[in-house]
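Since every read-out is calculated from the coordinates, none of them should be taken as a lab result. Keep in mind it's a predicted model, so treat the numbers as computed, not measured.
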């Protein structure tokens, strides 16, 4: 089983990556750090845009783990940008057969922030044909959720 962890955090070895380690303990996986890629905002046409490379890596995976720190009450910009850029480029249902897990962490998130993030990711998964397998916001939840993989 090919597992891809997409890290939206600018800190490649920070709390978001630690949640991925807890979720994927004992499993082999690849990491993709979004901050290593040049991905323009929706509507931009940047020379050297690398979105296609990220999408190709996602297509190679059976399990996709999307990780985001909670910034400004929401999903971080690099992950939000990736989601936005799928629109119009990726066909509905194109990621059928894949499973999506979401890691969402912050210092003191309020319940509504967590719910909004999970809603966004579950809708993203559904639109592109992925099975949404759940969200973890701390080490305990990540460990429990990881037993499903």
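Only Cα pairs within less than 10 Å get springs; with that Gaussian network setup on the chain, which residue of 97, 67, 77 has the largest fluctuation?
Among 97, 67, 77, the largest mean-square fluctuation in the Gaussian network model of the chain belongs to 97.
Along each of its three principal axes, how wide is the spread of alpha-carbon positions in region 13-87, in whole angstrom units, largest first?
Here the spans come out as 40, 31, 20 Å, largest first.
When the helix-only estimate is applied to the chain (DSSP H runs of n ≥ 4, each -39,500 (n - 2.57), divided by the residue count), what is the mean residue ellipticity at 222 nm, nearest 500 deg cm²/dmol?
The helix-only estimate for the chain comes to -11000 deg cm²/dmol at 222 nm.
Work out how much length residue 56 to residue 108 would gain on full extension: take 0.36 nm times their residue separation and subtract the Cα-Cα distance, in nm to one decimal.
15.3 nm
With springs only between Cα atoms under 10 Å, which of 68, 31, 122 fluctuates most in a Gaussian network model of the chain?
Ranking 68, 31, 122 by mean-square fluctuation puts 31 first.
Beyond 17 Å, what percent of the Cα pairs of region 1-125 remain?
Value for region 1-125: 56 percent of Cα pairs lie more than 17 Å apart.
Just need the Rg to Rh number for region 64-149, please, alpha carbons only, Kirkwood Rh.
0.96
Mind checking the full-extension length gain between residue 72 and residue 148? Use 0.36 nm per residue of separation minus the Cα-Cα distance, one decimal, nm.
Once the chain is fully extended between residue 72 and residue 148, it gains 24.3 nm.
Relative contact order of the chain, please, whole-number percent, based on alpha carbon pairs below 8 angstrom and at least 6 residues apart.
RCO, the chain: 29 percent.
To the nearest Å, what is the center-to-center distance of region 3-52 and region 77-129, using C-alpha atoms only?
Their Cα centres are 13 Å away from one another.
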